[in-house]
Amino acid sequence: MPVKRIIVACGSGVATSNVAAEKLRNLLREQGYHNVEVRAVDIKSLEAEAKVADLLVSITPYAIRDKELPIPSINGIPLLTGVGTSDVIKQVKDILKL
């Protein structure tokens, strides 16, 4: 199975997105999904990164609101709060057909 690429972006930098990306990566690996690459990206490089990714997990949906991206995006705030994390994982698996 080909590697699926997920990018995680936050509004001001990469600190928050790194935390969320690590959590998502660990949760997917715990469920046996090793063919998924999860990377934190800066919002400024989002459009370029989206060209080579399959899914965007956004920590700040307002920051991407006006951007036209070639990939689907989902809200990743539950990865930080811990509330609704299983819903995020389900959405990721559904979109990427894992």
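Name the residue, out of Lys67, Lys97, that is basic (Lys, Arg), without any contact (Cβ under 8 Å) to a residue 24 or more places away in the chain and under 12 Å from Lys4 (Cα atoms). Talk me through it step by step, then tell me what you get.
Details: Lys67 fails: under 12 Å from Lys4 (Cα atoms).
Within the list Lys67, Lys97, the selection yields Lys97.
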Residue in region 43-51 that is modelled with pLDDT of 95 or more, under 13 Å from the mean Cα position of the chain (by Cα) and surrounded by 14 or more Cβ atoms within 10 Å (Cβ to Cβ) present: no
Residue in region 86-98 that is modelled with pLDDT of 95 or more and in contact with a Gly (Cβ under 9 Å, 6 or more places away or on another chain) present: yes
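Go through region 1-39 residue by residue and tally those that are hydrophobic (A, V, I, L, M, F, W, C) and open to solvent by 30 Å² or more (accessible area, probe 1.4 Å).
The number of residues fulfilling the criteria is 6.
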The one condition in (1) among the small types (Gly, Ala, Ser); (2) open to solvent by 40 Å² or more (accessible area, probe 1.4 Å); (3) under 10 Å from the mean Cα position of the chain (by Cα) that Gly82 fails to fulfil: (3)
Failed criterion for Asn75 (all others in (1) at pLDDT 95 or above; (2) open to solvent by 60 Å² or more (accessible area, probe 1.4 Å) hold): (1)
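The values are calculated or read from the model by the stated rules, or taken from the named source; none is laboratory data. Nothing here was measured: the structure is a model prediction, and the numbers come from that model. Glycine gets a Cβ as well: all are built from the backbone with ideal geometry, and neighbour counts include every protein chain shown. These area figures cover heavy atoms from the full protein model, side chains too; ligands, DNA and RNA do not enter into them. Shrake-Rupley method; radii C 1.70, N 1.55, O 1.52, S 1.80 Å.
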